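The block underneath contains the structure these notes are about, expressed in structure tokens.
Every number here is computed from the coordinates shown, using simple stated rules; none is lab data. In this text, all values refer to a predicted model and were calculated from it rather than measured experimentally. All Cβ positions, even for glycine, are placed from backbone atoms using ideal geometry, and neighbour counts span all protein chains on display.
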Amino acid sequence: MKTAALYICKYNIVAGLLMTGAMLLSGCATEPAPMVSVQQPPPFSQDYRHRRAYNRPYRVKGKMYYPLLSAEGYSEIGIASWYGHESGSKTSMGTRFWPEGISAAHKTLPLPSKVRVTNLNNGLSIELTVNDRGPFKPGRIIDLSRGAARKLGVQGLARVKVDYLGLAN
């Protein structure tokens, strides 16, 4: 009786090992699943505001940017920088850039947009118009004109909160 029980036990172990091996080998015979990109760009839409070039998808330094069709509820905390040496240059909207003005550049907000920018280091905040594209340096969310940076007490870089208020006229 002991011999029969021992034989059945050995048989079950061998059968289990064979089944496990067969399952493992059959898994190797299948084709690997195709790689799917996690960050699919939104499909191009003809709904971009007024079909203006400055509110359509664009490429800078090999990277694609997709302006928001609607920025309702947009709020972001990040690093702000400022720019002022481009005096006389034109903004993405084709208007003349005035360094001492109260304006800003953003990569994806619809142009022109009204936003409230709050300097989280000192609590100062202002409302301004986003009328340009940028900043294109990693880790920065908004580029302030020199005039806006002064009003916010920004010297160099600052941690800010940007809240979308609506489209500017």
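Results, tabulated for the structure shown:
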read-out	value
Residues whose placed amide H lies under 5 Å from that of residue 113, excluding near-sequence neighbours	130, 168
Burial order of peptide ranges 55-64, 101-110 (average beta-carbon count within 10 Å, highest first)	101-110, 55-64
Gain in span if fully extended, residue 157 to residue 85, counting 0.36 nm per residue against the direct Cα distance	24.3 nm
Under Karplus coefficients 6.51, -1.76 and 1.60, residue-wise ³J(HN,Hα) of the stretch 61-77 in Hz, glycine/proline x	6, x, 10, 8, 10, 10, x, 5, 6, 9, 10, 3, x, 5, 8, 8, 10
Residues 136, 97, sorted so that the one with the fewest Cβ neighbours within 10 Å comes first	136, 97
Charge dipole magnitude, Cβ of K and R +1, D and E -1 - the stretch 43-163, Cα centre, debye nearest 20	340
Residue 158 long-range amide H proximity, modeled H, under 5 Å	80
